[in-house]
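Here's the structure, in structure tokens; my notes come after.
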């Protein structure tokens, strides 16, 4: 549901001139498998979903089955500033500081905290289910690549198989997922694995210029933590809405999650209003 | 004839690919390319180079389909190799949309491009003024890279290339055994072909790297073709116009038409305007001819008149022209051995 809500929301923005500013654009591409698999649950959410033809599979030796569809790309580099602008226009204030605890915020008079602290949520409230899903990517200049190519290896698991994703300026090569690894340092073995496997997938990449390399930690959890928590602080009841643990698919479901978090916020507001208008205690 | 001397007139996509095919089918030939223009100043350099065939009214469909199939297969292999980026060949997916459902069911090339199918209702929502559409994946040849890649391969095969304006094919008679005429629009003057006419095309080449898909209006007057570094926006099809100067009003019209198909293009930067004259004809002229003057004979192979479909069929027509060159050589060898008797 969150996936569909997010896709539909973004698709609605596609036909406006703002899409460039948002970093939003349509892109088609390939999902590749070494054996037939059932259609994904999102097949009717994306555009033009179909299976690959034998001729298309000739492009990808080693893969015997696959999907083609048109999807959306949302570049964070542009999207975050766009969101920031919209929030600023609505009077939202931004503070660049490290929050040490929820208590710290409530003691400053905050009524509701929306906890979107991603990978570091554990620092605010221990959560053993939240683990890093370490990824490493190589950014190259390969402007002739117009499609995304995502391979799947049912044995090695998701994100652990090569993928090639063209952006507006660079193309990202990836295929690393290491559960439990907190290192944000680039690793030479991972680099070689990504480079070799992506060049095998798309031989022309051998001529691509490497412009950057980066490691990051996907905030992985068996399910997204999207729930309300009431915290007792002395004689006060403080409200926290958690919205973290989106692993490698945060952008894909972000809007649906945001709306769900907003609904939780709405019910908090409702309760507070009812408390405020409730008749006082009868003596 | 130990080493036939072949002159290819014209250095656009047709001239260069024909020369290359000749070096491949006749390794003993000495091939020279003569042209008054080379990349980046040929008509081919203006074209987007999309493999979406133009239908020639007087060429049998099976022949056009064979040309397209050979071209697609040839480029498909390059796009899948390490040379793809140098050659400027890449796959691109997208949509062809129609304001009213076209009468001609499936185009003849629908089973050659990849994944051809009708657009879904959801996809058509993006184009509110359009009733029907086709989605497919095809290839694009970016120029100059493709022409420069062809030149590089020609040089490696020992082909000489000279900037020279040939005013009359007979000029070449004393230096060459066979002449191949790939002069495109130049054939109008060069061989006096009055069936050849220009179809003027103006295009904009813009910086819009977020556009990854092609969009084409079935009427051919609005198209968005993403290339390696620039997106080609078009276009016009002005039959009979020889005007090579960009027109400002036309630029605005093209830009507006394309922005209504893809609103994000409003943010496109760095707009470059170009004009090319499509060397158009009711049928592509791929044909042998023997010119005579006095007692002298000059075998000629013509390969021109590709109009709006040059890139789509270039390799197929080049193969056919190279085959005709082979026939010319056999004929010359036969007549020279007869002369010895």
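Exactly one condition in (1) more than 14 Å from every other protein chain (Cβ to nearest Cβ); (2) outside any strand (DSSP E or B); (3) within 24 Å of the chain's Cα centre (by Cα) is false for residue B:229; which is it?
Failing condition for residue B:229: (1).
Filter region A:83-118 down to the residues that are closer than 28 Å to residue A:11 by Cα and in contact with a strand residue (DSSP E or B) (Cβ under 9 Å, 6 or more places away or on another chain) and list them by number.
A:114, A:115, A:116, A:117, A:118
When you check residue B:208 against the structure, is it touching a helix residue (DSSP H, G or I) at 6+ places or on another chain (Cβ under 7 Å) and under 14 Å from residue B:8 (Cβ atoms), yes or no? Step through it out loud before you land on a result.
Details: touching a helix residue (DSSP H, G or I) at 6+ places or on another chain (Cβ under 7 Å): yes; under 14 Å from residue B:8 (Cβ atoms): no.
Judged against the criteria, residue B:208 is not a match.
So which strands (runs of 3 or more DSSP E) stay within region B:113-213 end to end and still have 2 or more residues that are closer than 30 Å to residue A:165 by Cα and within 21 Å of the chain's Cα centre (by Cα)?
On the way: elements: B:114-118, B:132-141, B:160-163, B:178-181, B:197-207.
Where strands (runs of 3 or more DSSP E) fall fully within region B:113-213 and carry at least 2 residues being closer than 30 Å to residue A:165 by Cα and within 21 Å of the chain's Cα centre (by Cα), they are B:132-141, B:197-207.
Quick one: which residue in A:228, A:232, A:200 is within 30 Å of residue A:37 (Cβ to Cβ) and surrounded by fewer than 18 Cβ atoms within 10 Å (Cβ to Cβ)? First the steps, then the outcome.
Details: A:228 fails: within 30 Å of residue A:37 (Cβ to Cβ); A:232 fails: within 30 Å of residue A:37 (Cβ to Cβ).
The conditions single out A:200.
Quick one: in region B:28-45, which of the residues that are in contact (Cβ under 8 Å) with a residue 24 or more places away in the chain and in a loop (DSSP other than H, G, I, E, B) is nearest to residue B:166 (Cα to Cα)?
Taking region B:28-45 as the starting set, the residues that turn out to be in contact (Cβ under 8 Å) with a residue 24 or more places away in the chain are B:28-40, B:42-45.
Right, trim to in a loop (DSSP other than H, G, I, E, B) and you get B:28-29, B:36-40, B:42.
Numbers: B:28: 25, B:29: 21, B:36: 8, B:37: 11, B:38: 14, B:39: 17, B:40: 19, B:42: 15 Å.
Among residues in region B:28-45 that are in contact (Cβ under 8 Å) with a residue 24 or more places away in the chain and in a loop (DSSP other than H, G, I, E, B), the one nearest to residue B:166 (Cα to Cα) is B:36.
For region B:212-225, indicate whether the set of residues that are surrounded by fewer than 17 Cβ atoms within 10 Å (Cβ to Cβ), out of contact with any strand residue (DSSP E or B) (no Cβ under 7 Å at 6 or more places or on another chain) and farther than 20 Å from residue B:97 by Cα is non-empty. I'd like the intermediate steps shown before the answer.
First pass over region B:212-225, keeping only residues surrounded by fewer than 17 Cβ atoms within 10 Å (Cβ to Cβ): B:219-221.
Adding the requirement that they be out of contact with any strand residue (DSSP E or B) (no Cβ under 7 Å at 6 or more places or on another chain) leaves B:219-221.
Okay, now just the ones that are also farther than 20 Å from residue B:97 by Cα, so none.
No: region B:212-225 contains no residue that is surrounded by fewer than 17 Cβ atoms within 10 Å (Cβ to Cβ), out of contact with any strand residue (DSSP E or B) (no Cβ under 7 Å at 6 or more places or on another chain) and farther than 20 Å from residue B:97 by Cα.
Report yes if residue B:286 is without any contact (Cβ under 8 Å) to a residue 60 or more places away in the chain, under 26 Å from the mean Cα position of the chain (by Cα), crowded, with 22+ Cβ neighbours inside 10 Å and closer than 26 Å to residue B:64 by Cβ, otherwise no. Before you say what the answer is, go through the steps one by one.
Values: without any contact (Cβ under 8 Å) to a residue 60 or more places away in the chain: yes; under 26 Å from the mean Cα position of the chain (by Cα): yes; crowded, with 22+ Cβ neighbours inside 10 Å: yes; closer than 26 Å to residue B:64 by Cβ: yes.
It is true that residue B:286 is without any contact (Cβ under 8 Å) to a residue 60 or more places away in the chain, under 26 Å from the mean Cα position of the chain (by Cα), crowded, with 22+ Cβ neighbours inside 10 Å and closer than 26 Å to residue B:64 by Cβ.
Of all the residues that make up region B:97-137, how many are farther than 25 Å from residue B:66 by Cα, more than 12 Å from every other protein chain (Cβ to nearest Cβ), surrounded by 14 or more Cβ atoms within 10 Å (Cβ to Cβ) and out of contact with any helix residue (DSSP H, G or I) (no Cβ under 7 Å at 6 or more places or on another chain)?
Count: 3.
Would you check if there is a residue in region B:62-83 being surrounded by fewer than 15 Cβ atoms within 10 Å (Cβ to Cβ), modelled with pLDDT of 95 or more, within 14 Å of chain A (Cβ to nearest Cβ) and part of a helix (DSSP H, G or I)?
yes
Can we say residue A:79 is within 14 Å of chain B (Cβ to nearest Cβ), assigned to a helix (DSSP H, G or I) and modelled with pLDDT of 90 or more? Break it down into steps so the answer makes sense when it comes.
Details: within 14 Å of chain B (Cβ to nearest Cβ): yes; assigned to a helix (DSSP H, G or I): yes; modelled with pLDDT of 90 or more: yes.
Answer is yes for this residue.
Could you identify the single residue in A:176, A:150, A:137 that is under 19 Å from residue B:213 (Cβ atoms), in contact with a strand residue (DSSP E or B) (Cβ under 7 Å, 6 or more places away or on another chain), more than 14 Å from chain B (Cβ to nearest Cβ) and modelled with pLDDT of 95 or more? Let's see the steps before the verdict.
Working: A:176 fails: under 19 Å from residue B:213 (Cβ atoms); A:137 fails: under 19 Å from residue B:213 (Cβ atoms).
Result: A:150 is the single residue among A:176, A:150, A:137 that is under 19 Å from residue B:213 (Cβ atoms), in contact with a strand residue (DSSP E or B) (Cβ under 7 Å, 6 or more places away or on another chain), more than 14 Å from chain B (Cβ to nearest Cβ) and modelled with pLDDT of 95 or more.
Tell me which strands (runs of 3 or more DSSP E) are completely within region A:88-171 and hold 3 or more residues being touching a helix residue (DSSP H, G or I) at 6+ places or on another chain (Cβ under 7 Å), or say none if there are none.
Details: elements: A:112-115, A:131-141, A:148-151, A:163-166.
Passing ranges, in order: A:112-115, A:131-141.
Considering each of A:64, A:41 in turn, give the residue that is touching a helix residue (DSSP H, G or I) at 6+ places or on another chain (Cβ under 7 Å), more than 8 Å from chain B (Cβ to nearest Cβ) and surrounded by fewer than 18 Cβ atoms within 10 Å (Cβ to Cβ). Spell out how you get there, then give the answer.
Numbers: A:41 fails: touching a helix residue (DSSP H, G or I) at 6+ places or on another chain (Cβ under 7 Å).
The match here is A:64.
Cβ-Cβ distance below 8 Å, separation of 6 or more or different chains: which pairs start in region A:86-111 with a residue that is outside the structural domain of residue A:233 (by the TED database) and closer than 29 Å to residue A:21 by Cα and end on one that is assigned to a loop (DSSP other than H, G, I, E, B) and at pLDDT 90 or above?
Qualifying pairs under 8 Å: A:87/A:94; A:88/A:94.
Of the conditions (1) assigned to a strand (DSSP E or B); (2) within 13 Å of chain B (Cβ to nearest Cβ), residue A:32 satisfies every one except a single condition; which number is it?
Going through the list (1) assigned to a strand (DSSP E or B); (2) within 13 Å of chain B (Cβ to nearest Cβ), residue A:32 breaks only (2).
Exactly one of (1) outside the structural domain of residue A:120 (by the TED database); (2) within 24 Å of residue A:45 (Cα to Cα) is unmet by residue A:244. Its number?
Evaluating residue A:244 over (1) outside the structural domain of residue A:120 (by the TED database); (2) within 24 Å of residue A:45 (Cα to Cα) leaves (1) as the failure.
The values are calculated or read from the model by the stated rules, or taken from the named source; none is laboratory data. Just so it is clear, the structure is predicted and the values come from calculations on it, not from any experiment. Using ideal geometry, Cβ is built from the backbone for each residue, glycine included, and neighbour counts are taken over all protein chains shown.
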